[in-house]
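Comments concern the structure below.
The values are calculated or read from the model by the stated rules, or taken from the named source; none is laboratory data. Quick caveat, the model's predicted, so the values are computed rather than measured. Backbone-built Cβ (ideal geometry, glycine too); neighbour counts: all protein chains shown. Just the protein is used for accessible areas: all its heavy atoms, side chains included, with ligands, DNA and RNA removed. Shrake-Rupley method; radii C 1.70, N 1.55, O 1.52, S 1.80 Å.
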Amino acid sequence: MTRYTMSKEGQYTLWRSLRTGNETAFRQLFEEYWEPLFTYACKITRDHSLAQDSVQGLFIHLWEKHDALPEVTAILPYLRSALRNRLLNALRDEHVYQKHVDIFTQVLDTNAPSSSDQLHLKETEQQLLLSINRLPGKMKDVFYLHRMEDLSVAEIACKLGTSPQTIRNQLSTAMQRLRNGWKTIAG
């Protein structure tokens, strides 16, 4: 079979087989689409390592969630869309992480702490980021939008198409989880 010329029927059959957990179909999907997805990711990120990690993560997700995948007749556009979302999340997470690092660096430069203070601050930063990343997906997104991008509850609700009360509930739960996690770490 020539790469990228699979018929619509062939794509439908391959995808349907993947959705049933057929390992051969998964291998064929991987062999057929790895290269164009990697090239696509490299064009977006200009970072080969991030591109490779994102494509691998996408294929892992496809295999782990094969029974929950939607019906698809055109595989490459679907995979590109899923990969684009994965890349945007990775870039957003990197941006937020860098924002934290910049803030902590400013604090360090301003107060000129000792090396033990710097170590403690770095450990604290890592624990905070780990705690935030452990939040469920939507809750983490709401937390980032509110705390890191300074969006109001109303702006987040509008952006995510949900009610302001839902956003307030998610923020409250996120803060409670972070406080509880922090008490466990500090305690």
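Before moving on, here are some points about what is shown:
- Summary of packing: across the peptides 48-57, 139-148, the per-residue average of other C-beta atoms within 10 Å ranks them, highest first, as 139-148, 48-57.
- At a probe radius of 1.4 angstrom, the accessible area of region 1-78 per residue rounds to 61 square angstrom.
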